[in-house]
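Peer 1: Just passing along the structure, written as structure tokens.
Bear in mind that the values in this text are calculations on the coordinates, not laboratory data. Only a predicted model underlies this, so the values are computations on that prediction, with no experimental measurement involved. Please note: Cβ atoms are built from the backbone with ideal geometry, for glycine as well, and neighbour counts cover all protein chains shown.
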Amino acid sequence: TTYTVGYFVGSLSSKSINRILSKALVRLAPDNLEFFEIPIGDLPLYSQDYDDDFPPEAIALKEAIGRADAILFVTPEYNRSIPGALKNAIDWASRPWGQNSFDHIPAAVIGASIGAIGTAVAQQSLRAVLSFCNARQMTAPEAYIHYSPEVFLDDGEVTNDATAAFLSNFMVEFRDHLVRVLTVLPRQ
Ligand code: FNR
């Protein structure tokens, strides 16, 4: 069986190292996963005023999550949390009340930074948000990626064998996690 993974890149930067990481993950993932990116850059700032009448960008966001069997978050750390653009997208997708797009969705979190701590604090913050949204998160393995341009080429090629093996194993574990969740009880 082939499974479809929708992935979020938490950065709006045109040179995002997390987008490069997302390309590496797609390249290294098992063959029975296919991927599409769920864009977050055109969403207005969420307000409850929209709950009766979502704008097209937000409807597209919720439809995209609906098409995915599982969700992967690839995010930078901003000031020890997740970027506002990503939180905004999550807030949109969680609403209106009773139509939370993340309910029971298999999910995983990963991120890259130029600092030594490798987005660990942002990922903890994101995990707390996703817990409230009732996503079925992969708890282990964790992946705190220290980016360097020699290891991650712009097209997503990973030049270091140990790093490539680590990321490839992360994606195998994610595949196994989502299969486990969906096998117990498929999403509607
Ligand atoms: C950062 N950066 C950063 N890095 C980190 O490890 N912990 C942090 O808390 C922060 N905080 C932070 C805030 C803001 C506003 C910016 C712009 C940057 C540095 C960050 O890791 C670096 O800019 C990455 O390149 C961001 O990822 P993308 O956008 O390249 O994917």
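Peer 1: Under the Kirkwood approximation applied to all pairs of distinct alpha-carbon atoms, what is the hydrodynamic radius of region 1-119 in Å?
Peer 2: Result for region 1-119, one decimal place: 14.9 Å.
Peer 1: Go through Leu61, Ile17, Tyr46 and say which Cα lies farthest out towards the positive end of the charge dipole of region 1-147; charges sit on Cβ, +1 for Lys and Arg, -1 for Asp and Glu.
Peer 2: Ile17
Peer 1: I've got another one for you. Would you give the gap between the C-alpha center of region 1-61 and the C-alpha center of region 91-113, rounded to a whole Å?
Peer 2: Using only Cα atoms, the two centres lie 11 Å from each other.
Peer 1: Looking only at the chain, where both bridge partners belong to it, what percent of the DSSP beta bridges are antiparallel (to the nearest 5)?
Peer 2: Of the beta bridges lying entirely in the chain, close to 10 percent run antiparallel.
Peer 1: If a/c stays under 1.5 just call it rounded; otherwise compare a/b with b/c (prolate if a/b is bigger, oblate if not). Do that for region 66-154, with a ≥ b ≥ c from the square roots of the Cα gyration tensor eigenvalues. It would help to have the intermediate numbers written out before the result.
Peer 2: Working: a/c = 2.10, a/b = 1.84, b/c = 1.14.
Prolate, since a/c reaches 1.5 and a/b exceeds b/c.
Peer 1: Bin by bin, in steps of 5 Å, what percent of the Cα pairs in region 116-188 do you find, going until the bin that has the longest distance?
Peer 2: Pairs per bin, as whole percents: 3, 13, 18, 21, 19, 13, 9, 4, 1.
Peer 1: Moving on to the next point. Just to verify a number: FRET efficiency for His104 and Val151, C-beta to C-beta distance, R0 = 45 Å, to 0.05?
Peer 2: My answer for the efficiency is 0.80.
Peer 1: Among residues other than Glu57 whose Cβ falls under 12 Å from its Cβ, what is the net charge (Lys/Arg +1, Asp/Glu -1)?
Peer 2: It works out to a net charge of -1.
Peer 1: Can I ask one more? How high is the FRET efficiency between Phe132 and Phe36 when r is their beta carbon distance and R₀ equals 25 Å, given to the nearest 0.05?
Peer 2: 0.50
Peer 1: Right, another one. What distance in nm separates the simple spin-label points at Arg27 and Arg67, each placed 7 Å from Cα in the Cβ direction?
Peer 2: 2.5
Peer 1: To the nearest 20 debye, what charge dipole does the chain have about its Cα centre, counting +1 at the Cβ of each Lys and Arg and -1 at the Cβ of each Asp and Glu? Mind dumping the intermediate values first?
Peer 2: On the way: 14 positive and 22 negative charges, 79 e Å.
With only Lys, Arg, Asp and Glu charged at Cβ, the dipole is about 380 debye.
Peer 1: Mean separation of Cα pairs under 8 Å and 6+ residues apart, divided by the residue count of region 46-188: what relative contact order is that in percent?
Peer 2: 23
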